[in-house]
1. Any residue at all in segment 59-78 that is among the charged types (D, E, K, R) and in contact with a strand residue (DSSP E or B) (Cβ under 8 Å, 6 or more places away or on another chain)?
2. In segment 152-178, what residues are in a strand (DSSP E or B), more than 16 Å from the ligand (Cβ to nearest atom) and either touching a His at 6+ places or on another chain (Cβ under 9 Å) or of a type in the set (Val, Ile, Thr) (or both)?
3. What helices (runs of 4 or more DSSP H) completely inside segment 21-100 contain at least 1 residues that are within 16 Å of the ligand (Cβ to nearest atom)?
4. Determine whether GLY230 is modelled with pLDDT under 95 and not aliphatic (A, V, I, L, M).
5. Report whether or not GLU232 is in a loop (DSSP other than H, G, I, E, B) and away from the ligand (no atom under 16 Å from the Cβ).
6. Among the residues of segment 306-317, is any assigned to a strand (DSSP E or B) and modelled with pLDDT of 95 or more?
7. Filter segment 286-308 for residues that are touching a helix residue (DSSP H, G or I) at 6+ places or on another chain (Cβ under 7 Å) and either of a type in the set (S, T, N, Q) or surrounded by fewer than 18 Cβ atoms within 10 Å (Cβ to Cβ) (or both) and give the result.
8. Mind listing whichever residues of segment 130-156 are touching a residue at least 24 places away in the same chain (Cβ under 8 Å) and either over 22 Å from the mean Cα position of the chain (by Cα) or under 14 Å from ILE70 (Cα atoms) (or both)?
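The values are calculated or read from the model by the stated rules, or taken from the named source; none is laboratory data. The structure presented is a predicted model; accordingly, all values stated were derived computationally and were not measured. We place every Cβ from the backbone using ideal geometry, glycine too, and count neighbours over all the protein chains shown.
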Amino acid sequence: MSEHLSLTSKRFIPLCEPFIGGNEERYLRECLETNFVSSVGPFVERFEREFAPFVGAKYAVATCNGTAAIHVALRLVGVGVGDEVLVSTFTFIGSVNPIHYLGGTPVFIDADERTWNLDPHLVVDEVRRRARIGKLPKAVIIVHILGQPADLAPLLEIAAEYQIPVIEDAAESLGAQYKGRYVGTFGQIGCFSFNGNKVMTTGGGGMIVTNDVNLAQRAKHLTTQARLPGLEYQHDEVGYNYRLTNLQAAFGVAQLEQLPHFLDSKRRTAVWYDKAFHTMEGLVRPEVVPGGSSSHWMYSVLVDPVKVGCDRHEMAQLLQERGVHARPLWTPIHALQLYQECPRVGGAVAERLFAQGLSLPCSVGLNEADQQWVIESVVDCYGGKKNRGL
Ligand SMILES: *Cc1c(COP(=O)(O)O)cnc(C)c1O
């Protein structure tokens, strides 16, 4: 046993690292050779032109990151000072901060304990309650977390009934589908991220997609300092320097070419974990909504401390000792001091998901031996430290 441990303890299995296996170097070299390294150059438009049809949107506008994409999306639907926006409390903070940038107030909605995404019943009740008192939200952000499509039908229906614009935060769920269509294409605007840990990366980057030509044009305008054509530096509103660079877009074009392979790899990893864990008491996976299919971006479980004999914190520590990187899910945003004053609906589900949620290594290209090592290490966590004589 000690020999086994010492042999393998040098191993380190990261949670979710980029996979660089295509034309990245070739396209980057093209940028260097042509001197197009910044905001001008053919790869930005090419990336947009190839991304839009991949997800089935008419238009795509590249941004410097996913948070910037959400910021611009909120501007596009008119969110401003004093406006309220419904959003999941159980998400990464990049979904929420842009509301604050614009002087708006997030209204935090609890998660559904089956899917971990927005609880549609809470959203429907909250919108109807607000309609009665004349305080409809200015927008709804539907986040698809961890690769899981949200329960879109009831959410889109209530939003349409009261004409509330829908922004989809699909930063984590490129490739996830709902009723045969990619998420990010159901709302007025969809937002993606190409941060280093996402399904595909540009180093850092994001994308806005829409089917509305006016929104697409305005998105491009706002992300380029709202500068008017001509040489005289005329600007007709306060914009942002949010464009992606040609270097990043070149990387993105190469990653997009491999995306189907990335998604296959993610699915295989998830299926294999599911097979290993489904008979084990105390490890719970989120359910996929009817009509949905996950992109399996992140493989996360709830660790029931009673059944497993250790909590997710202890499990992460034990895995760390084996060179396995595991990570808790997010502190619900409503529980962060900085957003404590904001209205919220429910919250207990998100808090439990946080208390028990743990993500396991699931990088594209994770090999079988490493995945088997993760699985054995998780099994060995049962009973906790006591069981291991530690
Ligand atoms: C990553 C992420 C973002 C922000 O994307 P960045 O590119 O990191 O700015 C927004 N929302 C969610 C849910 C994310 O996971």
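1. Checking segment 59-78: not a single residue is among the charged types (D, E, K, R) and in contact with a strand residue (DSSP E or B) (Cβ under 8 Å, 6 or more places away or on another chain).
2. Answer for segment 152-178, where residues must be in a strand (DSSP E or B), more than 16 Å from the ligand (Cβ to nearest atom) and either touching a His at 6+ places or on another chain (Cβ under 9 Å) or of a type in the set (Val, Ile, Thr) (or both): just TYR178.
3. The qualifying helices (runs of 4 or more DSSP H) are 42-55, 66-76.
4. Taking the combined requirement at face value, the residue satisfies it.
5. yes
6. The answer is no, given that none of the residues of segment 306-317 is assigned to a strand (DSSP E or B) and modelled with pLDDT of 95 or more.
7. Of everything in segment 286-308, those that are touching a helix residue (DSSP H, G or I) at 6+ places or on another chain (Cβ under 7 Å) and either of a type in the set (S, T, N, Q) or surrounded by fewer than 18 Cβ atoms within 10 Å (Cβ to Cβ) (or both) turn out to be SER294, SER295, SER300, ASP304.
8. ALA131, LYS135, LEU136, PRO137, LYS138, ALA139, VAL140, ILE141, ILE142, VAL143, HIS144
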